[in-house]
Amino acid sequence: MSVIVTDTGFATDDWEAGYTALQDFPSDEAGGGLALDVPSDTDPTELDGRVGSVAMIRIDFPSFSDGRGFTIARQLRRQGYDGRLRARGHVIADQYAMARRAGFDEVEIDDDLARRQPEDQWRARADWTARDYQSRLRG
């Protein structure tokens, strides 16, 4: 099982349509209503113009020290992707604000991580727009 983390705390996964692996995704912009699984070693420029109609993109984080998923998310948002964007895997509570700033809407973690880092640790970082150094300098 997995837990979905949003700005309001823990939730159950409401996505029931399944996922398509990136290597199985057509090269043209098809796939409306699909969810796409994107590995962390994907070049974001390969996705430019291909994912506009995809309902959700789930980017893998194989370890908490692998930040490539943040770059992919940021590039997708800059390319105009406005669908649901989910980080999946080894994202820790301390990285939640960075994930939101990079463009992620939510984070998917496993039950074990949710036990080790309970909901209150994630909710403490939910005010992600006011906790960056630029806001503190302006304030």
Point to revise | Single residue of Asp60, Asp14 found to be outside any loop (DSSP other than H, G, I, E, B), under 21 Å from Asp110 (Cβ atoms) and charged (D, E, K, R) | key: Asp60
Practice item. Restricting attention to region 52-71, report how many residues are open to solvent by 10 Å² or more (accessible area, probe 1.4 Å) and among the hydrophobic types (A, V, I, L, M, F, W, C). Key: 3
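Working only within region 103-127, note down all residues that are open to solvent by 10 Å² or more (accessible area, probe 1.4 Å) and either farther than 18 Å from Thr8 by Cβ or among the hydrophobic types (A, V, I, L, M, F, W, C) (or both).
Residues satisfying the conditions are Gly103, Asp110, Asp111, Asp112, Leu113, Ala114, Arg115, Arg116, Ala124, Ala126.
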Check your understanding: Restricting to region 63-93, what's the tally of residues that are aliphatic (A, V, I, L, M) and either more than 22 Å from Asp13 (Cβ to Cβ) or outside any helix (DSSP H, G or I) (or both)?
Key -> 4
Exercise for review: Count, please, the residues in region 47-95 that happen to be closer than 17 Å to Ile4 by Cα and in contact with an Asp or Glu (Cβ under 6 Å, 6 or more places away or on another chain).
Suggested key: 6
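The values are calculated or read from the model by the stated rules, or taken from the named source; none is laboratory data. All figures in this text were calculated on a predicted structure; none of them were measured in a lab. Every residue, glycine as well, gets a Cβ built from its backbone with ideal geometry; the counts of neighbours run over all protein chains shown. What goes into the accessible areas is simple: the full protein's heavy atoms, side chains included, and nothing from ligands, DNA or RNA. Shrake-Rupley method; radii C 1.70, N 1.55, O 1.52, S 1.80 Å.
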